[in-house]
Amino acid sequence: MTAQAADPTVFERIAAREIPATIVAETERVIAFRDIAPQAPVHVVVTPKQGRYRDVVELAAGDPGLLAELVEVARGVADELADGQFRLIFNTGAGAGQTVFHVHAHVLAGGLEERTLA
Ligand code: 5GP
């Protein structure tokens, strides 16, 4: 689903500073903030500030440049907060655990020997 009139998701509201979050990185189109319920020592959500792409499949088809920017922000977060090694998870669909239907990546780093999934 691309841009259309709909209530903003919690992540768009964080990007608009309507909901507080611990923001760790930001570009013109992408924002990264600490997950409210971390599943690893470093657990950061990276998401476009706008644009109603529900998941990574829609984003890849609709705006691959934005997807590349999102991955680059994730890499920068991992460089800054971890040792540059990280897991990048896109839950895609409710059956796969997606709860916020505004495309986002989970950056997980540290303590991953337990192989905890987001
Ligand atoms: P999903 O399950 O959709 O892949 O991931 C959604 C993530 O957003 C979850 O890990 C959840 O903890 C996080 N989350 C949900 N609401 C908020 C919020 O208001 N603030 C922050 N920082 N994270 C949130």
**Q.** Close pairs from the range 95-116: first farther than 24 Å from Gly76 by Cβ and in a helix (DSSP H, G or I), partner more than 8 Å from the ligand (Cβ to nearest atom) and at pLDDT 90 or above, Cβ under 9 Å, at least 6 apart
**A.** Glu114/Ala40
Q. Of a type in the set (Asp, Glu) and more than 14 Å from the ligand (Cβ to nearest atom) - does that describe any residue in the range 31-54?
A. no
Q) Can you name the condition, by its number, that Ala60 falls short on among (1) buried (at least 18 other Cβ atoms within 10 Å of the Cβ); (2) in contact with a Leu (Cβ under 6 Å, 6 or more places away or on another chain)? A) (1)
(Q) Against the condition more than 11 Å from the ligand (Cβ to nearest atom), modelled with pLDDT of 95 or more and of a type in the set (S, T, N, Q), how does Thr27 come out, does it pass? (A) yes
Q: Scan (1) under 13 Å from the mean Cα position of the chain (by Cα); (2) within 11 Å of the ligand (Cβ to nearest atom) for the single condition Pro20 breaks and write down its number.
A: (1)
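Mind telling me which of the residues Leu66, Leu108, Leu81 ends up being farther than 15 Å from Pro41 by Cα and surrounded by 15 or more Cβ atoms within 10 Å (Cβ to Cβ)? Let's see the steps before the verdict.
Values: Leu108 fails: farther than 15 Å from Pro41 by Cα; Leu81 fails: farther than 15 Å from Pro41 by Cα.
The match here is Leu66.
Against the definition (among the acidic types (Asp, Glu) and in contact (Cβ under 8 Å) with a residue 60 or more places away in the chain), how does Glu12 come out, yes or no? Even if it seems obvious, please write down each step before you answer.
Details: among the acidic types (Asp, Glu): yes; in contact (Cβ under 8 Å) with a residue 60 or more places away in the chain: yes.
Taking the combined requirement at face value, the residue satisfies it.
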Q) If we scan the range 75-96, do we find a residue that is at pLDDT 95 or above, on the phi > 0 side of the Ramachandran plot, of a type outside the set (A, V, I, L, M) and over 13 Å from the mean Cα position of the chain (by Cα)? A) yes
Q: Residue by residue through the range 23-61, note down the ones that are over 12 Å from His106 (Cα atoms), more than 13 Å from the chain's Cα centre (by Cα) and among the small types (Gly, Ala, Ser).
A: Gly51, Ala60, Ala61
Q | Matching residues, the range 61-101, being farther than 19 Å from Pro38 by Cβ and either touching a Lys or Arg at 6+ places or on another chain (Cβ under 7 Å) or within 15 Å of the ligand (Cβ to nearest atom) (or both) | A | Leu66, Glu69, Leu70, Thr92, Gly93, Ala94, Gly95, Ala96, Phe101
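The values are calculated or read from the model by the stated rules, or taken from the named source; none is laboratory data. Model, not experiment: these values are computed from the prediction. Virtual Cβ from ideal backbone geometry, glycine too; neighbours counted across all protein chains shown.
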